[in-house]
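Quick notes on the structure that follows.
The values are calculated or read from the model by the stated rules, or taken from the named source; none is laboratory data. Being a predicted model, the structure only gives us computed values, none of them experimental. We place every Cβ from the backbone using ideal geometry, glycine too, and count neighbours over all the protein chains shown.
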Amino acid sequence: MVGQTIRFSNLDGAAHTASANGNAFDTGTIFGGQSADVVIDRPGTFAYFCAFHGGMTGSITVTD
């Protein structure tokens, strides 16, 4: 839902990011064992990727 906190947790030893296409959000670097939170303030489907590992992708759908 719009305004809800989304937590990205890194459960392995490599650094990762969750960087949205179109700059809707970016966690910055998340090191192993760390987490980062984002809040999306509008509805839609947001594709994201890891800046270090191009094959790591996903999407989040935010509703009203």
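Descriptive notes on the structure:
- Segment 1-51 - residue that is among the acidic types (Asp, Glu) and part of a strand (DSSP E or B) and, of those, nearest to the chain's Cα centre (by Cα): ASP26
- From the options SER19, SER9, residue that is at pLDDT 95 or above and touching an Asp or Glu at 6+ places or on another chain (Cβ under 8 Å): SER19
- Of residues in segment 15-43 being of a type in the set (Val, Ile, Thr) and under 15 Å from VAL62 (Cα atoms), the one surrounded by the most Cβ atoms within 10 Å (Cβ to Cβ): ILE40
- The set of residues in segment 36-64 that are more than 16 Å from SER9 (Cα to Cα) and in contact (Cβ under 8 Å) with a residue 24 or more places away in the chain comprises ILE40, ASP41, ARG42, PRO43, PHE46, ALA47, VAL62, THR63, ASP64.
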